[in-house]
Ligand SMILES: NC(=O)c1ccc[n+]([C@@H]2O[C@H](COP(=O)([O-])OP(=O)(O)OC[C@H]3O[C@@H](n4cnc5c(N)ncnc54)[C@H](O)[C@@H]3O)[C@@H](O)[C@H]2O)c1
């Protein structure tokens, strides 16, 4: 990665485009609008609430928002695509996450945000039937329609820069195939409408071609494929993913490192969830569920390093289940039963019952990822953004990078990148005006 000179506080407005304008996207957008009106605080967003140690010896700690040149919440403009035509007020009411009084206070602004027709293929999300969708003679034509949407949105809103964050439904499980291996083959596949090119890949392709950073909040294959990574390097665009690490996996990646640090054994980790939102309905299909379960399974084995510690973790039984249970709506309940053992192998148990709110946990992560991806683009950090692994259950990493799932190690990596951006900006600010202009 190369570092381009950062020019202090970003000027102009930043467009945040989300394919998918359901529960997490509306909670994020309505949340930012509510915060702008002083109706709440950006709790859970590191970019807004977090601090950064700038000099550990002198114990100098600063607010991230003060020292890292991030776009301001006031400068964000929202848009996106959905397979349903509901405006953001109707979609937020339907998602049932935020209180009616909050939504009422920002109703006009929310109603002004209407989704563009989506690129959709029911083969990839069998439980949904879209009505607000694009048609075209080929997948390349659909990609070009998304490119045109991006250009039009940028011009109509007088935007300086854009980022795209996939907030749409989880697609069915897929492995990389021949058409995904290179950009040339992928583009041929778009022309011939290859069935293994998913809608999420079409959005990502269009974003990267337009120079727009792309992040994947769901567990789909998307940015994992070599073709899109090649395009991102060629276009010098940042990429990251996948699957926001919000509830159960977030806790798993805190607790597992503690057990390993103490050299306590783990014989079993049984995780189960009930949720009743549209995401839960989509995951009720076994092919979509497999995508999510695989994404949730990886972290534990890596953290416990089962091969290196066979006496402690060699017999680990890890199971993750997700159950659709409509009465709970977005208020997911996640249980973990952890069978551990200590001195002389004596068994013990840990039980976790996390009564969380899925979209309330996801919304601040969308904000952080949007602002940090914009920062990456302005710094000239292109390709996969390994330092953003903190936000994902199943981070897509650059070739040669070992997976790191421990939340605090991921945070340390993220902070070192932010410090780099902060120090570079500070160095530029110390220069005379004529030097900054160059
Ligand atoms: N909430 C969390 O904590 C969390 C954590 C990690 C990942 N996720 C993922 O985020 C995604 C969104 O979650 P949600 O709760 O908002 O779900 P949701 O069902 O409320 O919203 C998804 C939206 O995407 C739309 N959609 C589906 N396919 C589309 C396409 N091809 N183009 C445009 N729109 C499309 C749907 O119509 C729906 O409105 C899911 O994939 C979910 O697995 C959520």
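At-a-glance table
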{"read-out": "Residue match in the stretch 345-357 (condition: modelled with pLDDT under 90, under 21 Å from residue 410 (Cβ atoms) and crowded, with 17+ Cβ neighbours inside 10 Å)", "value": "no"}
{"read-out": "Test result for residue 179, buried (at least 20 other Cβ atoms within 10 Å of the Cβ), in the same structural domain as residue 382 (by TED's automatic domain parsing), more than 14 Å from the ligand (Cβ to nearest atom) and outside any helix (DSSP H, G or I)", "value": "no"}
{"read-out": "Residues satisfying the stated conditions in the stretch 345-387, i.e. within 16 Å of the ligand (Cβ to nearest atom), more than 21 Å from residue 291 (Cα to Cα) and assigned to a helix (DSSP H, G or I)", "value": "360, 363, 364, 367, 368, 369, 370"}
{"read-out": "Candidates 40, 50, 80 - the one that is within 16 Å of the ligand (Cβ to nearest atom) and either touching a helix residue (DSSP H, G or I) at 6+ places or on another chain (Cβ under 9 Å) or within 26 Å of residue 356 (Cα to Cα) (or both)", "value": "80"}
{"read-out": "Which numbered condition residue 306 misses (of (1) surrounded by fewer than 18 Cβ atoms within 10 Å (Cβ to Cβ); (2) within 18 Å of residue 246 (Cβ to Cβ))", "value": "(2)"}
{"read-out": "Which listed residue is buried (at least 18 other Cβ atoms within 10 Å of the Cβ) and either under 30 Å from residue 225 (Cβ atoms) or modelled with pLDDT of 95 or more (or both), from 297, 365", "value": "365"}
{"read-out": "The one condition in (1) in a helix (DSSP H, G or I); (2) out of contact with any strand residue (DSSP E or B) (no Cβ under 9 Å at 6 or more places or on another chain) that residue 204 fails to fulfil", "value": "(2)"}
{"read-out": "The stretch 230-258, residues that are within 16 Å of the ligand (Cβ to nearest atom) and in a loop (DSSP other than H, G, I, E, B)", "value": "242, 243, 245, 246, 247"}
{"read-out": "When residues of the stretch 102-144 are limited to those that are in a strand (DSSP E or B) and within 27 Å of residue 290 (Cα to Cα), the one nearest to the chain's Cα centre (by Cα)", "value": "118"}
{"read-out": "Those residues of the stretch 259-297 which are in a helix (DSSP H, G or I) and away from the ligand (no atom under 14 Å from the Cβ), in sequence order", "value": "259, 260, 261, 286, 297"}
{"read-out": "Breaking point among (1) over 29 Å from the mean Cα position of the chain (by Cα); (2) touching a residue at least 40 places away in the same chain (Cβ under 8 Å), for residue 349", "value": "(2)"}
{"read-out": "Residue within the stretch 364-373 that is farther than 22 Å from residue 253 by Cβ and not assigned by TED's automatic domain parsing to the domain that holds residue 98 present", "value": "no"}
{"read-out": "Condition met for residue 125 (over 18 Å from residue 143 (Cα atoms), at pLDDT below 95 and assigned by TED's automatic domain parsing to the domain that holds residue 22)", "value": "yes"}
{"read-out": "Pairs where the first residue, in the stretch 125-151, is free of Cβ contacts under 8 Å to residues at least 60 places away in the same chain and the second is more than 10 Å from the ligand (Cβ to nearest atom) and part of a loop (DSSP other than H, G, I, E, B), C-beta under 6 Å, 6+ apart", "value": "132/85; 138/193"}
{"read-out": "Filter pass, residue 193 being part of a strand (DSSP E or B) and within 16 Å of the ligand (Cβ to nearest atom)", "value": "no"}
{"read-out": "Whichever residue in the stretch 298-334 is part of a helix (DSSP H, G or I) and more than 24 Å from the chain's Cα centre (by Cα) and, among such residues, is nearest to the ligand (Cβ to nearest atom)", "value": "326"}
{"read-out": "When residues of the stretch 83-99 are limited to those that are in a loop (DSSP other than H, G, I, E, B) and surrounded by fewer than 20 Cβ atoms within 10 Å (Cβ to Cβ), the one farthest from the ligand (Cβ to nearest atom)", "value": "99"}
{"read-out": "Matching entry among 131, 135, 102 (being assigned by TED's automatic domain parsing to the domain that holds residue 194 and within 13 Å of the ligand (Cβ to nearest atom))", "value": "131"}
{"read-out": "Filter result for the condition that a residue is under 23 Å from residue 374 (Cα atoms) and either touching a helix residue (DSSP H, G or I) at 6+ places or on another chain (Cβ under 8 Å) or surrounded by fewer than 16 Cβ atoms within 10 Å (Cβ to Cβ) (or both), over 112, 129, 65", "value": "65"}
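The values are calculated or read from the model by the stated rules, or taken from the named source; none is laboratory data. Computed from a predicted model, the values in this text were never measured in an experiment. Every residue, glycine as well, gets a Cβ built from its backbone with ideal geometry; the counts of neighbours run over all protein chains shown.
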